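Just so you know, all these numbers are worked out from the coordinates, no wet-lab data involved. What you see is a predicted model, and the numbers here were worked out from it, not measured in a lab. Note that we place each Cβ from the backbone using ideal geometry, even for glycine, and neighbour counts take in every protein chain shown.
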Amino acid sequence: MEALLLIAILAGVYAGLYVLNHKTPIPKGCEDLTVSCGGCRLTSCERHPTHLMEGSKI
Amino acid sequence: MELLALFISAVFINNVILSRFLGICPFMGVSRKTSSALGMGGAVTFVMVGASLSTFAIYHLVLDKMDLQFMDLIVFILVIASFVQLTELIIKRFLPPLYRSLGIFLPLITTNCAVLFVALQNISQRFNLVETIVFAIATSAGFTLVLFLFSAIRERLDLADTPLPFKGNPIAMIVAALMALAFSGLAGLV
């Protein structure tokens with residue numbers, strides 16, 4: 001019971017911080033920041049260059 | 001002296017990337033330029049130290065007291081993810097220049113297994129608070145060092161006359177293997 005309560009509290013904290021973080025506006029001048037990732041075989045990674053290609057279905 | 005030995009072993013001998021093969025994703029993906037590598041290294045250092053302190057406190061003040069030590073893995077994952085969100089929030093709000101340099105790397109660090117490794121290792125090795133901080137700083141320093149070295153080599157390899165089948169990731173893998181061999185030669189240092 002205590003374990004479930006602890007997990008619920010931590011998950012709630014994470015969810016709250018996630019929402020607050022995404023509501024916080026990005027500072028001016030930082031809108032177009034990208035990581036210079038060369039891309040590996042993990043196409044599921046959101047940073048993979050294939051995600052930036054137009055018409056990409058990944 | 002023991003702290004110094006711990007520091008040197010975490011940076012060189014038991015390097016998190018080349019000896020333990022953790023944090024390989026950013027190692028391969030964010031090491032094309034030295035500037036990106038340094039930015040990633042700085043972000044990892046910040047998160048690793050902060051997450052180590054947070055998880056250390058939560059383990060000893062909550063999990064150990066409530067006899068819930070078996071939950072360390074799931075709790076640490078949630079704590080690290082929350083810490084990264086909090087860090088990004090604070091940097092966006094109050095430190096825009098810092099966000100410009102390393103904010104973009106923070107979401108990548110959430111799933112970096114090296115951070116979770118350090119948090120779990122602090123507990124399994126029964127480190128005290130000072131040892132926890134030293135181990136976190138040393139591991140992140142070793143991570144940054146290897147990332148920087150690898151990025152410098154890759155920058156040169158991009159200009160070198162590499163055979164076509166080896167261009168890109170294949171030659172990078174070979175370089176990583178050679179670096180791991182070189183670092184394994186430091187085993188008798190401490």
Quiz item: Among B:Leu102, B:Ser124, B:Met71, whose Cα sits farthest toward the positive end of the charge dipole of the stretch B:65-128 (+1 at Cβ of Lys/Arg, -1 at Cβ of Asp/Glu, about the Cα centre)?
Solution: B:Leu102
Quiz item: Where a ≥ b ≥ c are the square roots of the eigenvalues of the C-alpha gyration tensor, would you call the stretch B:67-190 rounded, which needs a/c under 1.5, or, failing that, prolate if a/b is larger than b/c, or oblate?
Solution: oblate
Self-check item: Set of the stretch B:98-123 residues, backbone N closer than 15 Å to the point 7 Å along the Cα-Cβ line of B:Gln69
Solution: B:120-123
Quiz item: What shape does the stretch B:1-116 have by the C-alpha gyration tensor, where a ≥ b ≥ c are the square roots of the eigenvalues, rounded means a/c under 1.5, and otherwise prolate means a/b greater than b/c and oblate the rest?
Solution: oblate
Quiz item: When the helix-only estimate is applied to chain B (DSSP H runs of n ≥ 4, each -39,500 (n - 2.57), divided by the residue count), what is the mean residue ellipticity at 222 nm, nearest 500 deg cm²/dmol?
Solution: -22500 deg cm²/dmol
Quiz prompt | For the protein assembly as shown: rounded, prolate or oblate by the Cα gyration tensor [a/c cutoff 1.5] | solution = oblate
Practice problem: Would you mind giving the mean number of other chain beta-carbons within 10 Å of the Cβ of each residue in B:104-110, as a whole number? | Solution: 3
